[in-house]
Each structure stands twice: as structure tokens, then as C-alpha cells.
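Colleague: Have a look at this one.
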Amino acid sequence: MFVCICRAVTEDEVHDHCSTGAMSVDAIGDRCGAGEGCGTCLERIQQIVDERIATATTAA
């Protein structure tokens, strides 16, 4: 599913970027451009990042 329509970025791509260290909306945007268009996707990107942080914290 697309997260960012403006840059055609999928949820899987956002997860991949999180896996390689991009753990903020700005970091995701720097890597793939998501969130740099209309901004509609920013909330969903933040949710994904928050879920990844929560998962990493719980696993530690």
C-alpha cells in the first residue's frame, strides 16, 4: 500500500528505511522523499516510525 502518493513510496519502503536507521519522519523524507509533497502522509509515516520504535524497545 502506498504511504506517499506524491513520491510513490510504499509502507514496505518506509519499513525498509526504518530497518536501516531512518527512525524519524525527516530521516525517511531524506532517504526517499516521502512527506515532501503535499504532507498528507506525514501522520502515517510517524505511526510506522512509532510502531518500529515501540517494537524495538519491547524486544530489548
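The values are calculated or read from the model by the stated rules, or taken from the named source; none is laboratory data. None of the values given here were measured: they were computed from a predicted structure. Please note: Cβ atoms are built from the backbone with ideal geometry, for glycine as well, and neighbour counts cover all protein chains shown. For the accessible areas, the whole protein counts, side chains as well, though only heavy atoms, and no ligand, DNA or RNA atoms are used. Shrake-Rupley method; radii C 1.70, N 1.55, O 1.52, S 1.80 Å.
Colleague: What distance in nm separates the simple spin-label points at Ser19 and Asp50, each placed 7 Å from Cα in the Cβ direction?
Modeller: Taking the two extended label points, one gets 2.4 nm.
Colleague: Additional query: With the other protein chains left in place, how much accessible area per residue, in square angstrom, belongs to the chain at a 1.4 angstrom probe?
Modeller: Value for the chain: 61 Å² per residue.
Colleague: Want the number for Thr40 to Thr57: 0.36 nm per residue separation, take away the alpha-carbon distance, what's left?
Modeller: Difference between extended and current length: 3.4 nm.
Colleague: Could you tell me which helices of the chain pass both thresholds, a Cα extent of 18 Å or more along their own axis and a mean Kyte-Doolittle hydropathy of at least -0.5, with helices taken as whole DSSP H runs? Write down the numbers at each step before the final one.
Modeller: On the way: long enough: 42-59 (26 Å, -0.09).
Flagged H segments are 42-59.
Colleague: Per DSSP H run of n ≥ 4, the term is -39500 (n - 2.57); total these for the chain, divide by its residue number, and report the mean residue ellipticity at 222 nm rounded to 500 deg cm²/dmol.
Modeller: -18000 deg cm²/dmol
Colleague: Calculate what fraction, in whole %, of the accessible area of region 8-60 sits on carbon and sulfur atoms when a 1.4 Å probe is rolled over the protein chains.
Modeller: Values: 1540 of 3070 Å².
The computed percentage sits at 50.
Colleague: Quote the relative contact order of the chain in percent (integer), defining contacts as alpha-carbon pairs under 8 Å separated by 6+ residues.
Modeller: Computed value for the chain: 33 percent relative contact order.
Colleague: Which number do you get for Rg(Cα) / (2.2 N^0.38 Å) in the chain?
Modeller: Scaled against compact globular proteins, the figure is 1.04.
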